[in-house]
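Input: a single structure, listed below in structure tokens.
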Amino acid sequence: MGLTIAQKIIKAHLLEGDMTPGGEIGLRIDQTLTQDATGTMAYLQFEAMGIERVKTELSVAYIDHNTLQSGFENADDHRFIQTCARKRGVRFSRPGNGICHQVHLERFGVPGKTLIGSDSHTPTGGGIGMLAIGAGGLDVAVAMGGGTYYIPMPKMVRINLTGKLQPWVAAKDIILEVLRIMTVKGGVGKIVEYAGEGVKTLSVPERATITNMGAELGATTSIFPSDETTRAFLKAQGREKDWTPLASDPDAVYDEEYTIDLDTLEPMVAQPHMPDLVVKVRDIAGMKVDQCCIGSCTNSSLMDMLKVGAILNGKTVHPDVSLAIAPGSKQVLNMIASDGALASMIDAGARILESACGPCIGMGQSPKSAGISLRTFNRNFKGRSGTADAGVYLVSPETAAASALTGVLTDPRDLGEAPQIAMPDSFTVNDNMIELPYSPEEAKKHEVEYGPNIKEVPKGHALEDTIEKTVVLKVGDNITTDHIMPAGAKILPFRSNVPRISDFCFTVCDESFPTRCKEVGGGFIVGGQNYGQGSSREHAALAPLYLGIRAVLVKSFSRMHKANLINSGILPLEFKNPADYDTIEQGDELRLTDIREAIEGKDTAVVRNVTKGIEYAVSTDFSARQRAILAAGGCLNYIAQQK
């Protein structure tokens, strides 16, 4: 039986386990990336391990999230990361150099290599044929130290692309259609591979848009073949030597298959407040728009920017619309400045933002109250924009630019003839904003610098035999890490200060949650399906840990958040009978008896609802490694025990 592309890369990097779907496998990691919102904690954890130098082929620290410096906190974190990177052997991408995924695709991505990043959109690298996976910061820190990276062996999904995109239809519309078909839960435990004749018609940046938003499926990652298109992209970046061909075997077997006809695909839009609430643009066209934002790691490539510049050329943004544009990297910004596309944007009235994540993570450009914002981003969770009652819609750059001109949601096909934009034969390459680390000898002369906002990483404690606590919060399905640990300009500066950031934990759902946890000494959280979807941010586990949360009982978890809970020493328990969820109320007293025994060697534990006199069976079906981590009270404790 043949292998898929992902299976070939996994096989070449497999250190532990076998490739049976669902079983835990351990992978050798070639590259890592971090960004400053999650990276500060990752490097604090790396420092806590006491390892002198990173042991990967390549590790890069990017500054792209916390770039709004309204106080000292973000600048201090940047300095901490920079000095840590210099000393520990990590390349440092300075603020202004661009968004981690865009820059990594341009300058470092290598087909066939493994990459994990402390950002859920690390699968962007799948557009170039990497096995690129989002992970918690502690998992990245362990990989930087030469440790193995563990995941459940995913199932394989094949999406066949036939035909060719019609004018004004974009790669963003492809992934929105995939989300419409598969939903935000449809990719959990799976790797999505793109195949078919339609693949050959897509450039690497278009492929990267698709793999980027595969994170919204809940997928482990997404991947495209590495073909002549990939080779041409790497050659244009001056990196043809990094190219290697990759394709699935003709007799590869997939667990699921879907087909999308690109010939018939239309411009699509995801409605508030979830990326899979997708309809055709023409179905809701005419809706008044207040804001359009173009950029993010999903749609900030040179091709995206050139198309937007061509659409805006000689025109003026509608007076009722605020248009903000953020090129994805310094390379992109330089090239659109030289090409004239930047001048077209400025002349049209666009507000040009720095090459960073910006509005995507609520870092500025929040829309007006109850405003309608069209965004080329990857997520439209409630409140993520920084405006709680805003309606955020996800669209392609073409749809956003067209709507910015008309003042209403507009099918870009109504604009007439589409601009014809070709990939350049060569990109402008200048890596002067990527700082190389010190040599091992020079590193000994320098110390890592810590700002006053940086606090120690919280640690759990060894698992007790019995835990009796109150249900301090009950939530529903599809709770995201934005619900658990919000982002935004007011909160992100405290990413290196868990005691302070915990004051914002779950306040999107219940403003009294942090106070209540402190008053009762922590407790349990109960949730529905797909709990913890979205970002890789481990603060969604670290803040509950600090507030005394001992276990989370749900119908099902997202992969990354479950891993982060285990690493933090919080028990992630799934109901054997999902209907049991309905019988629990906030305020109920729950008791886990002989829980340590269950965690160490059983597949089921019993939870007693002391308040109602009911018992529930929950899964404790963990790998031997996970059992040991939970028993130790978290991964840092577990690592310390191994020394």
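The values are calculated or read from the model by the stated rules, or taken from the named source; none is laboratory data. Since this is a predicted model, take the numbers as computed values, not measurements. Heads up, the Cβs are rebuilt from the backbone with ideal geometry, glycines too, and the neighbour counts pull from every protein chain shown.
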Output for Cβ contacts, cut-off 6 Å, separation at least six or different chains, first residue over 20 Å from T620 (Cα atoms) in the range 570-590, second in a loop (DSSP other than H, G, I, E, B) and modelled with pLDDT of 95 or more, reads D588/T611; E589/V610; E589/T611
Meets criteria (at pLDDT 95 or above and more than 29 Å from I133 (Cα to Cα)) for D503: yes
Residue hits (the range 594-642; surrounded by fewer than 17 Cβ atoms within 10 Å (Cβ to Cβ), of a type in the set (S, T, N, Q), assigned to a strand (DSSP E or B) and in contact with a helix residue (DSSP H, G or I) (Cβ under 9 Å, 6 or more places away or on another chain)) are T604
Can you name every residue in the range 185-198 that is out of contact with any helix residue (DSSP H, G or I) (no Cβ under 6 Å at 6 or more places or on another chain) and either among the β-branched types (V, I, T) or part of a helix (DSSP H, G or I) (or both)? V188, E197, G198
Among D242, D261, which is more than 26 Å from the chain's Cα centre (by Cα) and touching a residue at least 24 places away in the same chain (Cβ under 8 Å)? D261
Of residues in the range 56-75 being surrounded by 20 or more Cβ atoms within 10 Å (Cβ to Cβ), over 20 Å from the mean Cα position of the chain (by Cα) and at pLDDT below 95, the one farthest from R537 (Cα to Cα): E73
Would a scan of the range 351-368 turn up a residue that is touching a His at 6+ places or on another chain (Cβ under 8 Å), crowded, with 24+ Cβ neighbours inside 10 Å and farther than 14 Å from C297 by Cβ? no
Among the residues that make up the range 484-496, is at least one of them part of a helix (DSSP H, G or I), out of contact with any helix residue (DSSP H, G or I) (no Cβ under 9 Å at 6 or more places or on another chain) and in the same structural domain as K555 (by TED's automatic domain parsing)? no
Does any residue of the range 311-330 turn out to be in contact (Cβ under 8 Å) with a residue 24 or more places away in the chain, over 25 Å from I174 (Cα atoms) and part of a helix (DSSP H, G or I)? yes
Quick one: would you say E266 is closer than 28 Å to T399 by Cβ and either charged (D, E, K, R) or without any contact (Cβ under 8 Å) to a residue 60 or more places away in the chain (or both)? yes
Take the range 518-570 and flag every residue that is among the charged types (D, E, K, R), under 22 Å from the mean Cα position of the chain (by Cα) and closer than 20 Å to I467 by Cβ. K562
Need the failing condition index for P499 against (1) over 21 Å from the mean Cα position of the chain (by Cα); (2) over 23 Å from Q69 (Cα atoms), just the number. (2)
Quick one: R591 ticks every box in (1) touching a strand residue (DSSP E or B) at 6+ places or on another chain (Cβ under 7 Å); (2) outside any strand (DSSP E or B); (3) charged (D, E, K, R) bar one, so which box is it? (2)
Where V279 falls short, out of the listed (1) surrounded by fewer than 19 Cβ atoms within 10 Å (Cβ to Cβ); (2) in the same structural domain as V392 (by TED's automatic domain parsing); (3) assigned to a helix (DSSP H, G or I): (3)
Checklist (1) in contact with a strand residue (DSSP E or B) (Cβ under 8 Å, 6 or more places away or on another chain); (2) in a helix (DSSP H, G or I) applied to G109, failing item: (2)
Which residue, of A195, A270, A252, is small (G, A, S), modelled with pLDDT of 95 or more, in contact with a Leu (Cβ under 9 Å, 6 or more places away or on another chain) and more than 22 Å from M19 (Cβ to Cβ)? A270
Failed item in (1) over 20 Å from the mean Cα position of the chain (by Cα); (2) closer than 30 Å to V204 by Cβ, with L105 passing the rest: (1)
Being touching a Leu at 6+ places or on another chain (Cβ under 8 Å) and either closer than 24 Å to M485 by Cβ or at pLDDT below 95 (or both) is the filter here; which residues of the range 337-357 pass it? D339
Consider I191 carefully, then state whether it is closer than 21 Å to V278 by Cβ, in contact (Cβ under 8 Å) with a residue 24 or more places away in the chain and β-branched (V, I, T). no
Name every residue in the range 208-230 that is in a helix (DSSP H, G or I) and crowded, with 24+ Cβ neighbours inside 10 Å, in order of residue number. A208, T209, I210, T211, N212, M213, G214, A215, E216, L217, T230
Mind listing just one residue for me: the one in the range 310-341 that is over 20 Å from I99 (Cα atoms) and touching a strand residue (DSSP E or B) at 6+ places or on another chain (Cβ under 9 Å) and, of those, surrounded by the fewest Cβ atoms within 10 Å (Cβ to Cβ)? D320
Evaluate the following for A563: is it under 30 Å from R500 (Cα atoms) and not assigned by TED's automatic domain parsing to the domain that holds N380? yes
Give the range 228-264 a look and list any residue that's among the charged types (D, E, K, R) and out of contact with any helix residue (DSSP H, G or I) (no Cβ under 7 Å at 6 or more places or on another chain), or say none. E228, K235, R239, K241, D249, D251, D255, E256, E257, D261, D263
Regarding Y438, is this residue buried (at least 20 other Cβ atoms within 10 Å of the Cβ), aromatic (F, W, Y) and either over 24 Å from the mean Cα position of the chain (by Cα) or modelled with pLDDT of 95 or more (or both)? no
Could you check the range 33-72 and list, in sequence order, the residues that are assigned to a helix (DSSP H, G or I) and free of Cβ contacts under 8 Å to residues at least 24 places away in the same chain? none
